[in-house]
Amino acid sequence: MRVLANSSSDARQIRGPAAFDALIIGAGFSGLYQLFCLRDRLGLSVQVLEAGEGVGGTWYWNRYPGARCDSESHTYCYTFSKELLQEWEWTERYPEQPEILRYLNHIADRFDLRRSIRFGTRVKAARYDTAANLWHVTTEQGERLTAKFLITAVGCLSTANVPNIPGLDSFGGRWVHTGQWPHEGVDFTGKRVGMIGTGSTGIQAAPVIAQTAAHLTVFQRTANYSVPARNAPLTPEFKRYVKENFSEIQHLMDSNPNGHAWLIQDRSALDVSPEERVALYEAAWRKGGLQFRATFRDLVVSKPANDTAAEFIRSKIREIVKDTATAAILSDFDHPYAAKRPPIDTDYYETFNRPNVSLVNLRANPIVAITSAGVRTRDAEYRLDMIVFATGFDALTGPLLRIDIRGRDGLALADVWHGGPRNYLGLQVAGFPNLFTITGPGSPSVLCNMPVAIEQHVEWITNCIAHMRAEGLARIEAQPEAMDGWVEQVNAAANATLLPLAKSSWYLGANIPGKPRVFMPYAGGMARYRMICAEVAAGGYRGFALSR
Ligand code: N01
């Protein structure tokens, strides 16, 4: 017998869970587009659940100084709407975080998306009910919802990694992680700041922090290669060129393995003379950006070719950084160039010429503790007022595994992925029907210009659901043998490159103690991946079981 409830949570119990056709977790680039496709193109009832108080995902959380995109602005956008492409105008070669957040807010308003998004709502668990063919979702706020389709749009880099360094609780100053940056900003004026981590984030943040801090100490564990971004305002001519030629630009993006709008030069680094090679690297260095990688076709597949790029960047560091000991630490690379995600920067190496910046080599002198006064390494103590953790994320699997996801018969995703992620096409896991993972591990995701990877996944999922509705199908589930085959293809694609040689890479899960060392993204290139996904769909969703 039902009784009247007098508290809101009781009322929720009595009303039962809110029911939708589809639930989407996350309102970043992927969640917003998925919502638009399912709600406005297919006419489904859709609810997005978003932990933040606004849209933007990565760009909502990562507000650290210097945060901007490493993809060029004219390609870091949705391409599904021609009108949107004509309307929106980027201001710089690489858009800054506030500008990208403005863009995503514009999308939310322009397509009237906010009414279908519940903010401040973090999903805690999702359980599949086989008999009802429904996903039951619960949130940390105590809500319960159901849907036939559950789509994770949780991002690849959204679970901040704060290293478990003894003594952090005792630190007398303030500490922040770049991926959870305070919205009101952080004032470094007159402060002694320590920054741990020299990935893309730390390399963007250090030059900006150094401008106001009394002193910045950069703690480097693995030396990283960086190439100048050469950011600049976009000229009216370039803006016009983009608007008039977007289909050509998109064609380039679709053919580039990483979803960027440039051609990879069809020449080997070893087929040109040393003088010509250096001249080509010089030109690429002057031009700046991630396309430095495209100077030769074999930089990520041939170690001898890669060595020439590594040596060029080493020579640049020696040229820029005045202190030879600092230059030596910065250029003491232990992996091939671009085997970890290559950063691009604005004055990163130059920053070490400032009198208020110093570098600590954690390989020689590891951190042993954080004390009330600062950071203690094996040989010294660094007195600090603030610590910035630019220590990255529990990438790709972290955002999914922090939700307790259970498929058929209570099967836990955490158990299936105990030894590393396993799925089919990065999109579905056997045993988890009607669950789709946008830019999941096993897809190109982080190896690609993200909006390109996102649009491809969202459109594939949308077409798949449209097909199911047209055919009266209720359930789609990856088959175990298809999943096994795909895991093999993901491994083979990685092993055909130099990427697995970077032993400290987050692509391998190596930045998180205890995480299985498995190369997670699909390294076979976006163009090839797009073709595979299209063929699977055209072949009647080969490798998936579809049922009524
Ligand atoms: O994180 P990272 P990130 N003690 O993992 C170090 C994307 N992104 O936030 O290499 C000491 O790359 C760690 O050292 P090591 C982009 O895809 C995009 O910088 O593990 N140090 C490393 O130096 C990028 O790749 C953009 O030895 C510790 C650093 O912290 C991804 O986000 C901008 C440590 C972490 O580097 C992640 O980049 C920025 C410890 N215990 C980022 N733990 C744009 O395009 C970790 N480190 C906008």
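The values are calculated or read from the model by the stated rules, or taken from the named source; none is laboratory data. Quick caveat, the model's predicted, so the values are computed rather than measured. Glycine gets a Cβ as well: all are built from the backbone with ideal geometry, and neighbour counts include every protein chain shown. Accessible surface is based on the protein model in full, side chains and every heavy atom, while ligands, DNA and RNA are left aside. Shrake-Rupley method; radii C 1.70, N 1.55, O 1.52, S 1.80 Å.
General observations
- Looking across segment 313-330, just one residue is open to solvent by 10 Å² or more (accessible area, probe 1.4 Å) and in contact (Cβ under 8 Å) with a residue 40 or more places away in the chain, and that is I329.
Conditions (1) away from the ligand (no atom under 16 Å from the Cβ); (2) acidic (D, E), marked per residue:
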{"site": "I117", "(1), (2)": "yes, no"}
{"site": "F171", "(1), (2)": "no, no"}
{"site": "H177", "(1), (2)": "no, no"}
{"site": "E184", "(1), (2)": "yes, yes"}
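- Any hit, segment 236-248, residues being within 16 Å of the ligand (Cβ to nearest atom) and part of a loop (DSSP other than H, G, I, E, B): no
- Only one of R115, R127 that is open to solvent by 30 Å² or more (accessible area, probe 1.4 Å), over 23 Å from A232 (Cβ atoms) and not in a helix (DSSP H, G or I): R127
- Filtering D254, D266 for residues that are touching a residue at least 12 places away in the same chain (Cβ under 8 Å), within 29 Å of S505 (Cα to Cα) and open to solvent by 70 Å² or more (accessible area, probe 1.4 Å) leaves a single hit, D266.
- Tally of residues being more than 14 Å from the ligand (Cβ to nearest atom) and under 18 Å from the mean Cα position of the chain (by Cα) across segment 501-522: 3
- Across segment 130-141, the qualifying residues are those that are surrounded by fewer than 21 Cβ atoms within 10 Å (Cβ to Cβ), at pLDDT 95 or above and of a type outside the set (D, E, K, R), and the one among them that is nearest to the chain's Cα centre (by Cα) is T139.
- Meets criteria (open to solvent by less than 10 Å² (accessible area, probe 1.4 Å) and assigned to a helix (DSSP H, G or I)) for I461: yes
- Failed criterion for L150 (all others in (1) in a strand (DSSP E or B); (2) touching a helix residue (DSSP H, G or I) at 6+ places or on another chain (Cβ under 7 Å) hold): (2)
- Considering L401, L425, L413, the condition of being within 20 Å of Y529 (Cβ to Cβ) and more than 16 Å from the ligand (Cβ to nearest atom) is satisfied by L425 alone.
- When T217, T212, T222, T201 are checked against the criterion of being open to solvent by 40 Å² or more (accessible area, probe 1.4 Å) and either β-branched (V, I, T) or touching a Gly at 6+ places or on another chain (Cβ under 6 Å) (or both), a single residue qualifies: T212.
- Neighbours by Cβ (under 8 Å, 6+ apart or cross-chain): first from segment 220-240, under 25 Å from L359 (Cα atoms); second within 16 Å of the ligand (Cβ to nearest atom) and at pLDDT below 95: R221/S504; T222/S504
- Qualifying positions in segment 296-312 - in a helix (DSSP H, G or I) and either of a type in the set (K, R) or over 24 Å from A494 (Cα atoms) (or both): K303, F312
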